[in-house]
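The values are calculated or read from the model by the stated rules, or taken from the named source; none is laboratory data. Just so you know, these numbers come straight off a predicted model, no measurement behind them. Positions of Cβ are generated from backbone atoms using ideal geometry, with glycine treated the same way; all protein chains shown enter the neighbour counts. What goes into the accessible areas is simple: the full protein's heavy atoms, side chains included, and nothing from ligands, DNA or RNA. Shrake-Rupley method; radii C 1.70, N 1.55, O 1.52, S 1.80 Å.
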Amino acid sequence: MPRTTTLESPGCPPLRAITFDVLGLIKVSEARSKQGGVTKVVERWGEPDASRCVLAASINDRKVDPLLAVARKNGAVELLSPINGDLQVSLATTNQTDVQSQEDNIVGLHLFKKQQSESSPRSCTFLTCTTKGLTTVRSVTIPKSLGDSTCDDTPTTWNVCAAGNVLCCKVDENENYALFGGKGVEVNIWDLATHTKIWTAKSPPKNSLGIFTPTWFTSATFMSKDDHRKFAAGTNSHEVRLYDMSAQRRPVMSFDFRETPIKAVTEDVDGNTIYIGNGSGDLASVDIRTGKLLGCFLGKCSGSIRSITRHPDLPVIASCGLDSYLRIWDIKSRQLLSAVFLKQHLTKVVFDSNFEDDEVAGSVATMPPSEQEIDDEPVDRDEESPPVVKKKKKRSKSRSLDENEEVGVSSKHKKSKKSRNLDGEDEESRSAKKKKAKKSQNVDEDEEELISVEQEKSEKSKVKSKDGKSKKSKKSKGESIDV
């Protein structure tokens, strides 16, 4: 396994990336929310063949009939469906043997979007550029079957360089201008409508030691979607240059990045930031207005970076290269979100911006049909739906009433228990009172008995005293007293 820096990646948002390798394989990697944002390979198109190595690729990811153009090492240009990988058109160069012998491979490929949308939906136009500077614009009608492809008109061909080798080719966002550069070829701008060169860069002067830096451009990109006059280019001498056609022919700004050749340069949607990758696997973002390095992306790649792509909607970029890894990065935190090992050396990566996650797409797709059914059949829905809703409401009400009754019964039980407890307490208090009353009555009776006994004693003593007196009186007077 290649050397990589292990980081705790939080996962990437739902996206779909298509990669191309040196064996001619096309692999589709997807990240879904239900998988935790982990990127996985879901499809593989083609069979391994070194002669079919993918050198350049371009995608037109429109919502209706999207197209994917691929330029191979054997000189063939194929138009595929980015959805399922079906081959729609396969075009070969005029002299394949001569191309292979001279090593005049295709280095630049662009699939036009505006011209395709304006023309019939079954036709497309693309631009190719070879190492020797042979540039061709061709229009093709996409047939219903593979063997019936026809060209609408004759291809337009011109040469963009008299000497040297073209290594980079880029078409601006408005598809009106194209830039070319390479080894021994200064960056030059061409008008695609008239096929004429409108601007050529001038080599920088010698340095303080009197050493002249040879011209060797490896990658280039336009800075803004609306302005084709500003563009950035990377050189084999690890230098990044910013050009402004309206200012001067020489670069208005240049800076060095590490010590290995710049292999990939791409622009950000804001028009002020570029992302650069070199031959040693370093990836960084630079503010081109000041030339300040904003920061390097965390986690060094173990091989040369050959392609960098910015997602048009999500704040992520994808990079691939000779370490056989597809990496997804967050442009704000510059943190690695996900990495996939794809076994072969990778040459190019593109995003499918119309990819939608299953959960989001399912929820969005189910909404319009229900609304349409409600609009189309209002009477049936009104006749059928209310009873169901009422039943549900009745059930819910009955359930709530049962629950309320149960609560009421339980509260009554509790109240009865409480009342019973209170009654028991009242009875106990009453019995205690009765006992107290009985005790008080017994005490009163005892007192009365004592009082009666005392009264009897007093009466007896009185009677005895009277008897004694009567006996004395009888003795004295001789009178009888009836007691």
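Among residues of region 149-161 that are farther than 15 Å from ASP191 by Cβ, those with a Cβ under 9 angstrom from a residue that is modelled with pLDDT under 70, sequence gap 6+ or separate chain, pair up as ASP152/SER119. Looking across region 171-194, not a single residue is of a type in the set (Lys, Arg) and open to solvent by less than 70 Å² (accessible area, probe 1.4 Å). Is it true that ARG249 is under 15 Å from ASN188 (Cβ atoms), more than 35 Å from the chain's Cα centre (by Cα), open to solvent by 90 Å² or more (accessible area, probe 1.4 Å) and not aliphatic (A, V, I, L, M)? Here the answer is yes, as ARG249 does meet what is asked. Taking the criterion of being within 17 Å of ALA17 (Cβ to Cβ) and surrounded by fewer than 21 Cβ atoms within 10 Å (Cβ to Cβ), the residues of region 60-70 that qualify are ASN60, ASP61, PRO66.
Report yes if GLY299 is in a loop (DSSP other than H, G, I, E, B) and open to solvent by less than 10 Å² (accessible area, probe 1.4 Å), otherwise no. It is false that GLY299 is in a loop (DSSP other than H, G, I, E, B) and open to solvent by less than 10 Å² (accessible area, probe 1.4 Å). Within region 309-329, which residues are part of a strand (DSSP E or B), under 17 Å from GLU30 (Cα atoms) and open to solvent by less than 30 Å² (accessible area, probe 1.4 Å)? Correct list: THR309, VAL316, ILE317, ALA318, SER319, CYS320, TYR325, LEU326, ARG327, ILE328, TRP329. The residue list LYS197, LYS206 contains one member that is over 19 Å from PHE255 (Cβ atoms), open to solvent by 50 Å² or more (accessible area, probe 1.4 Å) and either part of a loop (DSSP other than H, G, I, E, B) or not polar (S, T, N, Q) (or both), which is LYS197. Within region 339-373, if we keep just the residues that are among the small types (Gly, Ala, Ser) and modelled with pLDDT of 65 or more, the residue that is surrounded by the fewest Cβ atoms within 10 Å (Cβ to Cβ) turns out to be SER353. From the set of residues in region 90-117 that are at pLDDT 55 or above and part of a loop (DSSP other than H, G, I, E, B), which is nearest to CYS53 (Cα to Cα)? Only one residue fits best here, namely ASN105.
Tell me whether region 32-44 contains one or more residues that are buried (at least 21 other Cβ atoms within 10 Å of the Cβ), modelled with pLDDT of 95 or more and not β-branched (Val, Ile, Thr). The answer is no; no qualifying residue exists. Residues in region 330-355 that are of a type outside the set (Ser, Thr, Tyr) and in a strand (DSSP E or B): 11 in all. Filtering region 45-59 to residues that are surrounded by 15 or more Cβ atoms within 10 Å (Cβ to Cβ) and among the small types (Gly, Ala, Ser) leaves GLY46, ALA56, ALA57, SER58. Could you please find all residues in region 215-224 being of a type outside the set (Ser, Thr, Tyr) and either more than 44 Å from the chain's Cα centre (by Cα) or buried (at least 21 other Cβ atoms within 10 Å of the Cβ) (or both)? If the condition is that a residue be of a type outside the set (Ser, Thr, Tyr) and either more than 44 Å from the chain's Cα centre (by Cα) or buried (at least 21 other Cβ atoms within 10 Å of the Cβ) (or both), then PHE217, ALA220, PHE222, MET223 are the ones that fit. Filtering region 228-239 to residues that are within 31 Å of the chain's Cα centre (by Cα) and of a type outside the set (A, V, I, L, M) leaves only PHE231.
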